[in-house]
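Below: the structure, in structure tokens.
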Amino acid sequence: GQQVMQIPQYQHVQEGEDFTTYCNSSTTLSNIQWYKQRPGGHPVFLIQLVKSGEVKKQKRLTFQFGEAKKNSSLHITATQTTDVGTYFCAGRREYGNKLVFGAGTILRVKS
Amino acid sequence: NAGVTQTPKFQVLKTGQSMTLQCAQDMNHNSMYWYRQDPGMGLRLIYYSASEGTTDKGEVPNGYNVSRLNKREFSLRLESAAPSQTSVYFCASSEWGSGRLGNEQFFGPGTRLTVL
């Protein structure tokens, strides 16, 4: 079945450093979504990417969707303590109607 | 609007006991989902309901049953709980219809279940 691999599993950065998490799918995706889950909380939608090669920005967050629509990345510039949490990618297969989540990347920010 | 609500928030069961997790949404969404979250494994889909009156298996359906009671409510039942079902359970909903690319999912606060 479809698998979505996400790396790294865990990253601990100093406040102000950059952070990137990567997602790779075994199959072509129709779109990919990113979610953030604060410690003890529930996942909250951040963004959806649909087009091949698409790049979207939300303040310090930059999201990319690969040309082959099989990989994606989330980059945070100059991390802040409010960025702590787990970041999940979730892919939807072409003609599919279910999301497959990556295992998530846990981000810790040291001030 | 409350969004997606789940009850209970916490539950401890003994092996073999049964229970039903309740979920309701007030956003008039067509689709609803049940996930379980285990450390290092992300969110895994148990069952989903694309629209009222339909339910389908997800990635890990064994040991669970679901009921789409109406458009608002989607319940998850454990008939005979096992320690392997110790997890955090999230319900989610979204606007989704056949042929569309899909929309964001809104998650409830979760139910933390321990099976002894």
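Details
- Dividing the C-alpha radius of gyration of chain B by 2.2 N^0.38 Å, with N its residue count, gives 1.01.
- Compactness of the stretch A:1-63 - radius of gyration and Dmax, Cα, Å: 13.2, 39
- Spin-label pair B:LYS9/A:VAL55, simplified geometry with 7 Å Cα→Cβ offset, distance in nm: 4.3 nm
- Among residues other than B:ASP38 with Cβ under 14 Å from its Cβ, the summed charge is +2 (Lys and Arg +1, Asp and Glu -1).
- Ranked list, fewest to most other Cβ atoms within 10 Å of each Cβ, for B:SER93, B:SER84: B:SER84, B:SER93
- Structural descriptor for the stretch A:4-110: relative contact order 38 percent, calculated from alpha carbon pairs under 8 angstrom and at least 6 residues apart.
- Pairs of lysine residues in the stretch A:4-110 that meet both criteria, 8 or more places apart or on different chains and Cα atoms under 21 Å apart, total 17.
- In chain B, Cα pairs under 8 Å separated by at least six residues give a relative contact order of 35 percent.
- Here the stretch A:4-110 is treated with +1 on each Lys and Arg Cβ and -1 on each Asp and Glu Cβ, and its dipole about the Cα centre works out to around 280 debye.
- Across every pair of non-identical alpha carbons in the protein assembly as shown, the mean reciprocal distance, once inverted, gives a Kirkwood radius of 18.0 Å.
- Partner chain coverage, peptide A:34-45 - average Cβ within 10 angstrom: 4
- FRET efficiency for the pair B:ASN1 and A:GLU67, taken as 1/(1 + (r/R0)^6) with r the Cβ-Cβ distance and R0 = 35 Å, rounds to 0.35.
- Placing one equal scatterer on every Cα of the stretch A:4-110 and applying the Debye formula, the log10 ratio I(q)/I(0) at q = 0.17, 0.18 Å⁻¹ is -0.72, -0.80.
- Spatial offset of the stretch A:67-111 relative to the stretch A:1-45 amounts to 2 Å, using the alpha carbon center of each.
- For chain B, a crude dipole built from +1 on the beta carbon of Lys and Arg and -1 on the beta carbon of Asp and Glu, taken about the Cα centre, is about 240 debye to the nearest 20.
- GluC sites (Glu not before Pro) within the stretch A:1-87: DSSP coil, no more than 15 neighbouring Cβ in 10 Å: A:GLU15, A:GLU17, A:GLU67
- Taking other Cβ atoms within 10 Å as a rough exposure proxy, B:PHE10, A:PHE19 sort from fewest to most as B:PHE10, A:PHE19.
Every read-out reported here was derived from the displayed coordinates using simple, explicitly stated rules and does not represent laboratory data. Owing to the predicted nature of the structure, the values given are computational and were not obtained by experimental measurement. Because the Cβ atoms are built from the backbone with ideal geometry, glycine has one as well, and the counts that use them run over all protein chains shown.
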